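What follows is a set of notes on a single structure, which appears directly below.
The values are calculated or read from the model by the stated rules, or taken from the named source; none is laboratory data. Values in this document were obtained by computation on a predicted structure and should not be read as measured data. Every residue, glycine as well, gets a Cβ built from its backbone with ideal geometry; the counts of neighbours run over all protein chains shown. Ligands, DNA and RNA are excluded from the accessible area calculation, which covers all protein heavy atoms including side chains. Shrake-Rupley method; radii C 1.70, N 1.55, O 1.52, S 1.80 Å.
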Amino acid sequence: MTNEELQSTFSQEDHQVAFIFNPEENEAPRRERPSKRRKTGGRRAAVAEGQDEEDGETPSSWFGPLLGGAESPACVQQRERLLGENWAMVDARIQDILRASNSATLDEVSQFVRDARGDKIPSAFIITGPNIASQDLLFEQLSDALERSSSSKFIRLRSSEATNLKNALKKIIQDATSRTLVVDGEEELQLGQGSSRRYLPYDLEALHEFLGRQPHEHIFVAFQDSEGFDSGLLSDVITLLSSWRPQIPFTLLFGIATSIDLLESRLLKSACRLIYGVQFDCVQTETILEEVFKGAVVSSDVPLRLGPQILRGMLDRQRDQMAGIQAFISSLKYVYMCHFYANALSVLLAPETETEEGGGILQAEHVEALRHLPSFRYEVEAAVELTTADSLQHARSLLEDGEYLLTQARAGNGRRQDWVDSHLRSLLVREAAGAVQPPFSRAYVDSLSTAYPDSGNGSLTECIRRMGSAGLVGMLRRVVSVIKEGEPSFYLGPASKEEDAALLGFLEEALSRLEQLEADAESAGITLHTKYSSQSKVMRTTVVAQRVQLSRDSAALRDEDRQLTDIVDAVSERLTLHFGAKRPEKVLFSEAWLYDNRSPLRDVMVPRPRATFRRSLARPYDYLSCACCGSGGAEGGVVQATLPATSILYHLYLEAGSLINVADLWSAFYTLVRRQEEDDGEEEDERQQQDERKALVMFYRGLADLRAMGFVKSSKKKTDHIAKVRWL
């Protein structure tokens, strides 16, 4: 055999451990540096600006046209603008609530730090409760408040960041000096350009040198999750910081989820003698959640109303997953994004003045969409059932007159505000009567989904009848205040309708009669009772044929008791009749301002990786939408060779047992891939070698993807096999 034949038979690549895959090696070489272009940014910006004004779309808009692509650019911009304005208002209110929630705790801690004296390290023990997710918000507020009140540095230590003493000291020095250090290295630290001395990154003398150049009153070290730290590490850090206390003004803060006694039992007694402090109780997450819920969801001026299903899901997730308040805020923001991004009728949420001025942006497609809404169908059916001339004309105009329909659609904000105000007043009246049980968030969700009975247990009438005269006076005063002055915590204004004014006059008259009746009874020295109270019921004992029979009978009522009973009956009947429940989805065109779809929020906030991975690998067309993947994935039980390599290996993975021979898997994979290429007529030896290398790279890449996603792992039983991983 000649040398040329040997070189053709054996190549250098045959003895390499790995091959370098470069699919672009046969392509024409590219230039390393792109060609220079003239700077025409100003002219292009002006041209682009003019084109954007002509097209009516902003270049940064991520909203797409709806209604089958027929939505105008003006409506698209309107939806995006409404999202920005409405969420900015809600987010600003949430931030105000969060700042005010822990204000008392922040003031107490700041006062303790200012008054701290002595050689021992002052320490603030902050009881945060079992919800660890709420600690982030509290310590962020502490950092802002303490750094704003004095010249200081705030260092937050988490148990996951400070695994040993060296890492804890590096974190303290890094955050205090605002210099980035490599945690695992032994790099030296130099402070200032004029300083020639270098320090180890975990040497507290470097921090002392830094404070000599930039003095600070306090260096706060916060152990955010103190229970997560090793007890020995915590004792060592306290001992070391105490030794530097004369030179460095350390102050410690401990976030405690359990109790101070348990923390003290974990520390060394010598470390406990080096610190002194005070316990501070912060506001629990449930209380903050209630305040945020009232301000961002329930308030009268909130434009987007949420339905009972999505609200119940959000509250259940907060309770079951022990999620922090930020998770609730993120869910709320995502709901706003979904509504304005995917609902073409959300343009009707614009104020009435803007809607009248820009009424021309509504299109014929909007009118057609309005006539297909469930609330539109309910309105027409209800108008037809009334069988009056006005109601029939109203139903006929809704079905046939487009201008009349648009007029009703523009008045949707007024109907929304009327329903919100009426619903909140009804809920406040029930709360004053004792028919609403805390927490308020659950009561609000239940009021949206269930209809309260007119009589019997749980009804407003039954709760009023159970009240005494003093309780009835307090309830009437509260109801009169709600109707006359509103409720500031819900941004609810006074009632202005005629029926509300009539109800207010009736309640004020009943209140004055009741107060006069109470004054007369007090002067006469008697106690008022109604016929519904337990004092008005007497037990009668009757002996018949040597058997004792017990019966309940009503006692005789005095004239004052009969007057009180008449007032109770009149008030309960009038309130029940006035505050009748109406479901929000039955309000005409409520789909423009009501969102109650749980699916997007559940899929995003509670992801299901197992189902997502399986679907993406079994049917990649659902995600890629390319012609090579097809719409069937594996049609007729036969895997298509044009699928991605990872998808092909996943189908072979499903057919294999618990242990998979890698060589057999490669043979099946290459046979499937090569079959497609053999059909194309590529039978040259050199081309087959290149195709085999490409297939091998695809095989290794797909196998690595399966391993990264947790489907397979190396087998300890057989080195040339891989094992399936069982998903729980």
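Output the qualifying pairs, or none if there are none: Cβ atoms under 8 angstrom, residues six or more apart or on different chains, first residue in the stretch 269-289 and within 26 Å of I325 (Cα to Cα), second residue charged (D, E, K, R) and part of a helix (DSSP H, G or I). Short answer, once both residue conditions are applied: F280/E108. One residue alone among I325, I256 is closer than 24 Å to F112 by Cα and either among the hydroxyl-bearing types (S, T, Y) or touching a residue at least 24 places away in the same chain (Cβ under 8 Å) (or both), and that residue is I256. Any residue at all in the stretch 126-143 that's in contact (Cβ under 8 Å) with a residue 40 or more places away in the chain, surrounded by 14 or more Cβ atoms within 10 Å (Cβ to Cβ) and part of a strand (DSSP E or B)? Among the residues of the stretch 126-143, at least one is in contact (Cβ under 8 Å) with a residue 40 or more places away in the chain, surrounded by 14 or more Cβ atoms within 10 Å (Cβ to Cβ) and part of a strand (DSSP E or B), which makes the answer yes.
If you check L253 against the conditions, is it modelled with pLDDT of 90 or more and part of a strand (DSSP E or B)? Taking the combined requirement at face value, the residue satisfies it. Could you please find all residues in the stretch 144-157 being open to solvent by 40 Å² or more (accessible area, probe 1.4 Å), over 15 Å from Q174 (Cα atoms) and touching a His at 6+ places or on another chain (Cβ under 7 Å)? Passing the criteria: only S151.
In this structure, is L507 over 24 Å from D421 (Cα atoms) and at pLDDT 85 or above? The answer is no for L507. Can you pull out the residues in the stretch 464-488 that are modelled with pLDDT of 90 or more, open to solvent by 60 Å² or more (accessible area, probe 1.4 Å) and touching a helix residue (DSSP H, G or I) at 6+ places or on another chain (Cβ under 8 Å)? Of everything in the stretch 464-488, those that are modelled with pLDDT of 90 or more, open to solvent by 60 Å² or more (accessible area, probe 1.4 Å) and touching a helix residue (DSSP H, G or I) at 6+ places or on another chain (Cβ under 8 Å) turn out to be R477, R478, K484. Can you work out which of the residues in the stretch 362-410 that are in contact with a Phe, Trp or Tyr (Cβ under 9 Å, 6 or more places away or on another chain) and of a type in the set (G, A, S) is surrounded by the most Cβ atoms within 10 Å (Cβ to Cβ)? Here the answer is A409.
With the requirement that a residue be open to solvent by 50 Å² or more (accessible area, probe 1.4 Å) and assigned to a loop (DSSP other than H, G, I, E, B), what does the stretch 701-719 give you? Hits for the stretch 701-719 are K716, K717, K718, T719.
Could you count how many residues in the stretch 230-271 are open to solvent by 60 Å² or more (accessible area, probe 1.4 Å) and of a type in the set (V, I, T)? The qualifying residues number 2.
A quick yes/no check of all residues on (1) touching a Leu at 6+ places or on another chain (Cβ under 7 Å); (2) surrounded by 15 or more Cβ atoms within 10 Å (Cβ to Cβ); (3) at pLDDT below 80; (4) over 21 Å from Y621 (Cα atoms):
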| site | (1), (2), (3), (4) |
| --- | --- |
| G657 | no, no, no, yes |
| F669 | yes, yes, no, no |
| Q689 | no, no, yes, yes |
| A695 | no, yes, no, yes |
| F699 | no, yes, no, no |
| H721 | yes, yes, no, yes |
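For the stretch 555-575, which positions are under 41 Å from the mean Cα position of the chain (by Cα) and crowded, with 19+ Cβ neighbours inside 10 Å? Residues satisfying the conditions are S572, L575. Selection over the stretch 556-568 of residues that are without any contact (Cβ under 8 Å) to a residue 40 or more places away in the chain and under 21 Å from R477 (Cβ atoms) gives a count of 2. Filtering the stretch 563-583 to residues that are of a type outside the set (K, R) and part of a loop (DSSP other than H, G, I, E, B) leaves F579, G580, A581.
Considering the stretch 411-420 alone, what residues qualify as being open to solvent by 30 Å² or more (accessible area, probe 1.4 Å) and either assigned to a helix (DSSP H, G or I) or more than 21 Å from R583 (Cβ to Cβ) (or both)? R415, Q417, D418 - these are the residues of the stretch 411-420 that are open to solvent by 30 Å² or more (accessible area, probe 1.4 Å) and either assigned to a helix (DSSP H, G or I) or more than 21 Å from R583 (Cβ to Cβ) (or both).
The residues in the stretch 344-363 that are modelled with pLDDT of 90 or more and more than 21 Å from D91 (Cα to Cα) can be counted, and the count is 3.
Yes/no matrix, rows are residues, columns are (1) at pLDDT 90 or above; (2) buried (at least 17 other Cβ atoms within 10 Å of the Cβ); (3) of a type in the set (F, W, Y):
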residue	(1), (2), (3)
N457	no, no, no
L492	yes, yes, no
L511	yes, yes, no
S533	no, yes, no
T542	no, no, no
Q546	no, no, no
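In the stretch 198-224, what residues are open to solvent by 20 Å² or more (accessible area, probe 1.4 Å), within 25 Å of F139 (Cβ to Cβ) and in contact with a Leu (Cβ under 9 Å, 6 or more places away or on another chain)? Result: Y202, H218.
In the stretch 584-598, the condition of being hydroxyl-bearing (S, T, Y), part of a helix (DSSP H, G or I), surrounded by 13 or more Cβ atoms within 10 Å (Cβ to Cβ) and at pLDDT below 90 is met by no residue.
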